[in-house]
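Since the structure comes first, as structure tokens, the remarks are kept for the end.
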4 protein chains.
Amino acid sequence: MNLRNFKNAQARRIFLEKDLKINLSNIGNFSFSEDEVANHNIENPIGAGQIPLGVAGPIRIKGQYASGEFYLPLATTEGALVASVSRGAKAITLSSGATTRIENVGATRAPVFAVSGIKEGQEFIFWIEKNFSSIKKICESTSKHLRLLEIKSWMVGKNVWLRFCFDTKDAMGMNMATMAVDKAVRELIRPKTKVECIALSGNLCVDKKPSFLNFILGRGKKVWAESLIKRKTAVEILKTTPEKLDEAAKSKILYGSILAGSLGANQQAANVVAGIFAATGQDLGHIVEGSMVVTTTEIVSEDFYISVYLPDLMIGTAGGGTGLPSQKESLAILGIPDGKLSEGKQVLKLGEIIGAAVLSGELSLLAALASGDLAKAHERLGRGKI
Amino acid sequence: MNLRNFKNAQARRIFLEKDLKINLSNIGNFSFSEDEVANHNIENPIGAGQIPLGVAGPIRIKGQYASGEFYLPLATTEGALVASVSRGAKAITLSSGATTRIENVGATRAPVFAVSGIKEGQEFIFWIEKNFSSIKKICESTSKHLRLLEIKSWMVGKNVWLRFCFDTKDAMGMNMATMAVDKAVRELIRPKTKVECIALSGNLCVDKKPSFLNFILGRGKKVWAESLIKRKTAVEILKTTPEKLDEAAKSKILYGSILAGSLGANQQAANVVAGIFAATGQDLGHIVEGSMVVTTTEIVSEDFYISVYLPDLMIGTAGGGTGLPSQKESLAILGIPDGKLSEGKQVLKLGEIIGAAVLSGELSLLAALASGDLAKAHERLGRGKI
Amino acid sequence: MNLRNFKNAQARRIFLEKDLKINLSNIGNFSFSEDEVANHNIENPIGAGQIPLGVAGPIRIKGQYASGEFYLPLATTEGALVASVSRGAKAITLSSGATTRIENVGATRAPVFAVSGIKEGQEFIFWIEKNFSSIKKICESTSKHLRLLEIKSWMVGKNVWLRFCFDTKDAMGMNMATMAVDKAVRELIRPKTKVECIALSGNLCVDKKPSFLNFILGRGKKVWAESLIKRKTAVEILKTTPEKLDEAAKSKILYGSILAGSLGANQQAANVVAGIFAATGQDLGHIVEGSMVVTTTEIVSEDFYISVYLPDLMIGTAGGGTGLPSQKESLAILGIPDGKLSEGKQVLKLGEIIGAAVLSGELSLLAALASGDLAKAHERLGRGKI
Amino acid sequence: MNLRNFKNAQARRIFLEKDLKINLSNIGNFSFSEDEVANHNIENPIGAGQIPLGVAGPIRIKGQYASGEFYLPLATTEGALVASVSRGAKAITLSSGATTRIENVGATRAPVFAVSGIKEGQEFIFWIEKNFSSIKKICESTSKHLRLLEIKSWMVGKNVWLRFCFDTKDAMGMNMATMAVDKAVRELIRPKTKVECIALSGNLCVDKKPSFLNFILGRGKKVWAESLIKRKTAVEILKTTPEKLDEAAKSKILYGSILAGSLGANQQAANVVAGIFAATGQDLGHIVEGSMVVTTTEIVSEDFYISVYLPDLMIGTAGGGTGLPSQKESLAILGIPDGKLSEGKQVLKLGEIIGAAVLSGELSLLAALASGDLAKAHERLGRGKI
């Protein structure tokens, strides 16, 4: 049965309930406007998945865009996650707070083109370089919120990739980038060069795949967060010492990640990124990119220094799922008003907060491991009770 | 303010609403039992995030555990995703259906130990090998649903990792694995060998990080899905030809992923995995692992062959978030009864369905790219309308 | 016994022969000037290792810097390698010849600095950007053959890396780069910023390690080579068909390399690179970087297209081992006069020739595999006869 | 001109000298028997490349197979390498010596097969598992020095790889492995299953390519070496302190390698591996695999602990280039008699020595960096004097 043909979510639910002899009343319990999501966020809607939403924190952040104390909304079904982030946030807040910095790398889209060989490929790349300003102009004609920052190229055999990088203000920007590249290809590059586009996305974007290219060059936002945890705080709140934290970090995060052939080196960045992404309406496919995080630690005098680096955080505070009711409320908890493409400051604030949240998660899990407490925490709070 | 001190979600919401001057009524609209989640799935709950849930399909699956036609529940805020999977599912169903196979690799947990050097490290590893059956016994004493399958070891310098691999039946099993390893370490390995455990998880598990170790050895379930798309179907439903599909696949999926240093080689596996994971109560942090997929294509006679391989799918049909009301209903759409740790057949069924769903997403996006339709689909269905 | 104390190679040999009761007369048979190597290339010399040197080709090359027919000197102990490259060269020459292109990326050196945290780190990076022209000036004062092209930066925690990239004309340039960076750090960056350098090489160079950073950004020279092999040639010389070649390439080079988590995707680039490097006096440690090659194939009309892309070829035609007698003669076989730092054209010629040689090796081995001939070739020519 | 048609090396040299108007007298100066190499090691020989050979050490090794003091022969054109290894060896010997351990993983070869799809692929893999002992028998019939240890399998789409792993005693074993697999495929697997072999090597071997598969599973030999350097020795010989060594190691080797997307984490393993490989007749293409090394460091009490782990060392002491005159002499310096396939003990001795040599190189370069001495060493000993 083609589910597109039903007139609304209720009709689809009724059909599925009868056809499959099941009950869908919980999925049917939602508070967003069906029309709104059906035009932007989803097709064939039947309702909503409800993901439990808890609040960690508060955490003190000293960033350039996020400054003050913040509660952190996390949507998750993994017991212990909110508690873990809360504990880390507490230790950080009791120490120096989290210092954060952010850099706007940009949303990228990389079409792949078919050339006749490496000679033509090289000429094609030269043509692109020479005509950058016309390409920029046509790209930017598609949206007033978009700026083309650069185009990088790669070539193998009869294939050339152009990786366009855009400033997309407060939007995550993947769709804006796609539209802009599409127009530039169809109306300028293709007609002028006669070089054909094989695919508008050629996997060097790299969208929603773990990749060293994004890890090395960055994508979306690059975020750094750090904190100096006082020894007293380590002992009292984290139940361990700076020395034990640093030893566990070296063996697990550094040597472990190197031996595993991991992309990045961290513990549970994906957990925290997933929790905030699900709460605030980010694209869940981008959790993959957000998981490539490097955690560093150091003993400084008698205290414990910890930092995180997120080179590939694809986020927005306008567009996508950020305007849906519960998601909007989660952004409001962070003091972020949804729906306006202001000058890109809101998304930088969100990025710094996510950096601080990931830092909290890293600190707390490291402490649980160093103090031999991991299994106990999960037994108490976790999914173990089947 | 410590949010743990409030007696329930409502009290927390009221506090936050007053303190931050915001409204949280949509987050407050949920239908699960607060007590239930507060003990297992989340701490400091204030309600739920609602993620729009659409249904793709039906898709015909010819697997060993999943057999018949299935509707696919996807929770997402990314416009075009459900439509994309639906189109792929239609093309597959009109052709041969999707053939699927699955292998139960197991849930893994890898503590890291401190040895005095490589001599003692080697002896420690020999001891573990020799005492495998005692270790197995103590691990399996922690749950009747758990079987220790093997222990692999690595050593660098003064660090030894033991990667325990468990069959955990229908549970995703990460917590069961952690408890079992904890007990084995505390009550057997540590007392007998005097070797100290630095961290119960040493990052060779590898949990929720993209890693070549999991990609190469597998984790959770390994799934394969394939379909032979008739030329007629390619032309009529996918608006392109087998040749164009295969050309786009080679340039984008193969060369593009190789140049990008990607883990795996696919297009949007993360999207589909995220959609089903969010709908069915899987751990969203595991999307990262599920994204490492290899897509292959081939022209067979005049038709188009496409396959996917998912080496690292961490899923469950019991425990975790799978027992929550809306999640349970999504599993019911797939014909999967929640809550029972049967002989592990339900999770294998779910794995095969996810494989087929990922296959649908790969086929459809490839077609959109090959036919030059990507930007249009996103313009029509996507988030671009800010 | 400290071998530095002997006055020459002969004295060292005599000592070792007596002390170890062995004979070193073959190592003692060499024709370079001991004084010359002892000052530049080696310490504690006792003579030379003799590596058998064979000549493959000729191959017709149509590059920008290498043009005409070339014999390829290869030093190797692996039976079948010279024959394999020769066969590939023959098929290429009989078809269209090898088209080549090269890009001078530059020699890189990346010191790592200790900052007090991410705030100071960011300021340090801004300072470097602002003072680029002074840094350039001081770097270039160390050699008239050196130009600073750019500085890229990375930061995690309390560590900042600056990756300097230099044009070093016909020299491979690693030492020139090191001297230049050393001076810039000691005399400008350190005094002005007070930021301390932890290590002059911080492993983001990346020198002599396989790395995605070099693979993605390039290092030394980037080289491309391609050829269109006529069907007739494939059948007569390579004993197989374009279709079989392309099928083997897809399964082995593309899927195989993806599944193996390889850096690049090729067959035996390392063999050919090693053979030419050993013959022409390149640094053998750089074989590692040269091995990261992507081979592409395609059926074009009825013929077989093959290309290679070498993103990281660290080579020189002046300095290092290139001025030693036998190495100089190998360069002479390629029409490359040693010893002069001309305008960097000789090294570009060498790079294009290496690209064409790697292409020959890839084509020939692919043919051996596609025709089921690999084992036979090695049985006939190889080391199997123990 | 086809160089195969000349009757010997001299005739080829005379032709090239006339044709290219060059002199090849140094290449013509060699002391091995031309007949011998022409049948085993090279085709179209014209002579030999002479690579300067120096001797580092002695180093005290406390291994299972290598025990005592060893001089290390290194063939290289990179000034400072022998001196660097010597300095490291001295510091190690003055401290505790180098403890070493080795594990024989095996030589691997992985043919790729074409199946009709994943169902047949799975059945094919089951067949292989069931018939392991017949396959073992036919493989082992090809050489009395060969034992089949295991077969691992991977499948994507219509492709199945079988990775055969062999014990090949003192031979590096690649050719023996290839012959054995070829026979098993042609005479047993193909006839019984009707499944066709696309390529006898399917790139999961993984031969001479940097790959996470080999890094994670190992190949050839796995070697560990470690030493505890006394503080006094660090200060007096290495001109630095344990603290500075450890700090440089963390920033450069750990964070640097992680950020670079390196395979492994070390400094100059490739240099040392290349030097010993070139001296002792190993296959230079295998330097690539040997470069994937993990170096660890630690402060232990007041002293400095350093270790290396080489997971993929493809070496032999019989066959290949190991029987050539100068190569045989280098093996003799190590106390290794060439030419006899004894019970595989000689190659284990060589492996432990290489581990200790790599350890020396790592220690010394780290010291040069930590003491700010890198540039000076290269200026004094290096290639910089053009």
At 7 Å out from Cα toward Cβ: A:GLN10 inter-copy label distances (nm, ascending): 2.7, 10.2, 10.5
Axis carrying C to D; for chain C the Cβ-nearest residue and its rounded Å distance come to C:PRO210, 2
Using only Cα atoms, tell me the angle between helix C:9-20 and the longest principal axis of chain C; keep it within 0 to 90° and round to the nearest 10. 80
Asserting the computed 222 nm helical MRE of the protein assembly as shown (DSSP H runs at least 4 long, -39500 (n - 2.57) per run, divided by residue count, to nearest 500) equals -11500 deg cm²/dmol
Can you list the lysines whose alpha carbon sits under 19 Å from that of A:LYS158, skipping same-chain ones fewer than 8 residues off? A:LYS119, A:LYS192, A:LYS194, B:LYS244, B:LYS250, B:LYS252, C:LYS62, C:LYS222, C:LYS230, C:LYS250
Got the B:LYS119 label distances to the other copies yet, label 7 Å along Cα→Cβ, in nm, shortest first? 5.1, 5.9, 6.7
Cα→Cβ-extended label distance, 7 Å offset, between C:ASP19 and A:GLU69, nm: 7.1
With θ set to phi - 60° and the Karplus curve 6.51 cos²θ - 1.76 cosθ + 1.60, what are the ³J(HN,Hα) couplings of the stretch D:132-137 in order, to the nearest whole Hz, using x for Gly and Pro? 4, 5, 5, 5, 4, 4
Given a Förster distance of 56 Å, the FRET efficiency implied by the Cβ-Cβ spacing of A:LYS7 and D:LYS192, rounded to the nearest 0.05, works out to 0.40
Remind me, relative contact order of chain C in percent, using alpha carbon pairs under 8 angstrom and six or more residues apart? 21
Report ³J(HN,Hα) in whole Hz for each residue of the stretch A:160-177, in order, from the Karplus equation J = 6.51 cos²θ - 1.76 cosθ + 1.60 where θ = phi - 60°; Gly and Pro get x. 10, 10, 10, 9, 7, 10, 10, 7, 10, 6, 7, 8, 4, x, 4, 6, 4, 4
Quick one: which residues, 5 or more positions from A:ALA98 or on another chain, have an amide H under 5 Å from its amide H? H modelled 1.01 Å from N in the peptide plane, none for Pro or chain starts. A:ARG60, A:ILE61, A:LYS62
Quick one: label points 7 angstrom along Cα→Cβ at C:GLU187, distances to the other copies in nm, smallest first? 5.4, 7.0, 7.1
Once all Cα-Cα distances of chain B are split into 20 Å bins that start at 0, what whole-number percent is in each one? 26, 50, 24, 1
Considering Cα pairs under 8 angstrom that are at least six residues apart, work out the relative contact order of the stretch C:111-199 and quote it in whole percent. 41
Quick check: the angle from helix D:269-280's long axis to the longest principal axis of chain D, C-alpha only, nearest 10 degrees? 70
So how far, in whole Å, is the C-alpha centre of the stretch A:60-107 from the one of the stretch D:159-177? 51
Residue by residue through the stretch A:145-156, the couplings from Karplus 6.51 cos²θ - 1.76 cosθ + 1.60 with θ = phi - 60°, in Hz, x for Gly and Pro, are 9, 10, 10, 7, 9, 6, 10, 9, 10, 9, 9, 9
Once you charge only the Cβ atoms, +1 for Lys and Arg and -1 for Asp and Glu, what is the size of the charge dipole of the protein assembly as shown about its Cα centre, to the nearest 20 debye? 0
Helix D:118-130 sits off the longest principal axis of the Cα atoms of chain D, rounded to the nearest 10 on a 0 to 90 degree scale, by 80
Residues meeting the amide H criterion for C:ASP312 (H placed from the backbone, H to H distance under 5 Å, 5 or more places apart or on another chain) are C:ARG219, C:VAL223
Long-range amide H partners of C:MET172 with built H, under 5 Å: C:GLY316, C:THR317, C:ALA318
Setting aside same-chain residues fewer than 8 positions from D:LYS21, which aspartates and glutamates have a Cα under 19 Å from its Cα? C:GLU69, C:GLU329, C:ASP338
Taking the DSSP beta bridges in chain D as the whole, what percent of them are antiparallel, to the nearest 5? 90
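Bear in mind that the values in this text are calculations on the coordinates, not laboratory data. Owing to the predicted nature of the structure, the values given are computational and were not obtained by experimental measurement. Glycine also receives a Cβ, built like all others from the backbone with ideal geometry; neighbour counts cover every protein chain displayed.
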